[in-house]
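In what follows, a structure is listed as structure tokens, so that the remarks can point back to it.
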Amino acid sequence: MASGTLGENSASALPARLPLPRQVASAIRSRIISREWEPGDQIPPEDELAKLFAVSRATVREAVSLLSVQGYLIKKRGIGTFVAGPQAISGGLESLISITEWIERHGYQAGTSYIDMKARVPTSNERALFQT
């Protein structure tokens, strides 16, 4: 099983305004993307996830199926459900998803870095460094 703990009050951490199975899928996906659950880790069984998120097992089953289709989870009949490993980057225009979701599906963390640039007079040390 995964090394990270599930935490308490997870049901209150579900994203609002989505159908319940998508809320649960989003919460599970967050654990995968944050590496709380690593590729190859077995996720908790449906009954534990149902208790954790205060939903029915049918809701958990639908969320897990959604994440399996999206490539986040692999179901092994009779054994359990596991976090999928990184996949080869693929996809094209037939796949209508956001670039952020595409990046995260492939095991990376999407984000933005800002660099501050401004013109200024170089210091004497900088001038000496660049004079050859």
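The values are calculated or read from the model by the stated rules, or taken from the named source; none is laboratory data. What you are looking at is a predicted structure, and each value in this text was computed from that prediction instead of being measured. Note that each Cβ is placed from the backbone with ideal geometry, even for glycine, and that neighbours are counted across all protein chains shown. These accessible areas exclude ligands, DNA and RNA; they are computed on the full protein's heavy atoms, side chains included. Shrake-Rupley method; radii C 1.70, N 1.55, O 1.52, S 1.80 Å.
So, taking all protein chains as they sit and a 1.4 Å probe, how much accessible area belongs to V121, in Å² rounded to tens?
It works out to around 110 Å².
Determine how large the accessible area of I79 is when every protein chain is in place; take a 1.4 Å probe and give Å² rounded to the nearest 10.
110 Å²
Hey, got the Cα dimensions of the range 37-81 along the principal axes, in Å, largest first?
That gives 25, 20, 17 Å along the principal axes, largest extent first.
So how do E101, E38, E62 rank on accessible area, 1.4 Å probe, biggest first, that is with the largest at the start?
E62, E38, E101
Between I97 and I79, how many nm apart are label points set 7 Å from Cα along the C-beta direction?
About 2.3 nm, to one decimal.
Give, in nm to one decimal, the length gained when the segment between T112 and S26 is fully stretched (0.36 nm per residue of separation minus the Cα-Cα distance).
Stretched out fully, the T112 to S26 stretch lengthens by 28.9 nm.
Order D47, D116 by their accessible area, 1.4 angstrom probe, all chains in place, largest first.
Solvent-accessible surface, decreasing: D116, D47.
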